[in-house]
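Peer 1: Before we start, here is the structure in question, set down as structure tokens.
None of the figures in this text is laboratory data; all of them are computed from the coordinates on show. Model, not experiment: these values are computed from the prediction. Positions of Cβ are backbone-derived with ideal geometry, glycine not excepted, and every protein chain shown enters the neighbour counts.
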Amino acid sequence: MGASGVKITMKSDEAIASLRRIEVTTASQVDKVLANAALASGEELKTLMSRPQARDAFWGVMGGALPGFGRRSSITISQIVASGRVYVAPDGVRYSFVGHGSPHVAKMEDGGPEPGPHQIPTIHAQTRSGVDRYAGQDALLQIEGAFKWPTARMKNFKNGRPKHFWIARAGTGGKLELLYMLAGTVNRKPRRTFATLKDRMAPRIKSMFDSAAIAVVRAA
């Protein structure tokens, strides 16, 4: 995992207390339910990170409907950590977690200002699924015929001088084709993916522990 990330911890101390009230205290039973709860949460997180994509004639793929993310590739989903492994803290509390190691995912949770510079692709610089063709690269150097627009020589603009600089090239028939908008700080919308996951899974996890407790009592 990277230096930062987002994680959800599902502690079982309340569940253990509930099981003790009916004289069921086996740690193995708690571990089994907790592991299944973490795996189920991982699958729900995949669903939230595969929301339907919004598409725009100019901007192309613009991410998924809130909360969550629109799936463009399998990279983000493949980095979800939800092994179902159970850990024991020094105070005896048992827990498992669902998380993601990407700093980008962490930043998108609460949104807010994100310092640049940013190179934001239009539909002309995206693959069919919406992935930036030149992510992490200098598009001016990588794209043949690309130039920064407007140029220093340009003074007269039909609709006023553009607010941002762009990376552009000559398209079909010599028409200007805008590839990337160059921006400084941008304000990201909060995705609240993990907060939503926690709200969705809380009653489901409680039900899993309650059902397990009843099953153990009946078996006894």
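Peer 1: For the charge dipole of segment 116-184, defined by +1 on Lys and Arg C-beta atoms and -1 on Asp and Glu C-beta atoms about the Cα centroid, which residue among Pro150, Ile167, Ser129 has the Cα displaced farthest towards the positive pole?
Peer 2: Pro150
Peer 1: Then there is this: For Asp56 and Lys163, calculate 0.36 nm times their separation in residues minus their Cα-Cα distance, and state this gained length in nm to one decimal.
Peer 2: On the way: separation 107, 0.36 × 107 = 38.52 nm, distance 2.03 nm.
Net length gain for the segment: 36.5 nm.
Peer 1: Between His118 and Ser73, what is the FRET efficiency for a Förster distance of 25 Å, r being their Cβ-Cβ separation, to the nearest 0.05?
Peer 2: E between His118 and Ser73, to the nearest 0.05, is 0.85.
Peer 1: Show me 122-132, 173-183, 29-39 ranked by packing, highest mean number of other Cβ atoms within 10 Å first.
Peer 2: My ranking of the peptides, most packed first, is 29-39, 122-132, 173-183.
Peer 1: Next question, about the same structure. For segment 56-170, what are Rg and Dmax over the alpha carbons, in angstrom?
Peer 2: Both quantities, over Cα of segment 56-170: 20.5, 71 Å.
Peer 1: Explain nothing, just the number: dipole magnitude of segment 91-200 about its Cα centre with +1 on each Lys and Arg Cβ and -1 on each Asp and Glu Cβ, in debye rounded to the nearest 20.
Peer 2: Numbers: 18 positive and 9 negative charges, 106 e Å.
Here segment 91-200 has a charge dipole of around 500 debye.
Peer 1: What distance in nm lies between label points placed 7 Å from Cα along the C-beta direction at Arg133 and Ala89?
Peer 2: It is 5.0 nm.
Peer 1: Report, to two decimal places, the Cα Rg of segment 116-184 normalised by 2.2 N^0.38 Å (N = number of residues). Could the numbers behind the result be given before it?
Peer 2: Numbers: Rg = 12.3 Å, N = 69, 2.2 N^0.38 = 11.0 Å.
Taking N as the residue count of segment 116-184, the ratio is 1.12.
Peer 1: I've got another one for you. Take the residue pairs Lys46/Lys198; Lys46/Lys189; Lys32/Lys107; Lys32/Lys206; Lys148/Lys189; Lys107/Lys148 and return only those whose Cα atoms are more than 22 Å apart. Don't skip to the end; give the middle numbers.
Peer 2: Numbers: Lys46/Lys198 13 Å; Lys46/Lys189 20 Å; Lys32/Lys107 32 Å; Lys32/Lys206 14 Å; Lys148/Lys189 28 Å; Lys107/Lys148 29 Å.
Too far apart for the 22 Å limit: Lys32/Lys107; Lys148/Lys189; Lys107/Lys148.
Peer 1: Could you calculate the FRET efficiency of Ala195 with Lys32 from 1/(1 + (r/R0)^6), where r is the beta carbon distance between them and R0 is 25 Å, rounded to 0.05?
Peer 2: So, using R0 = 25 Å, E works out to roughly 0.40.
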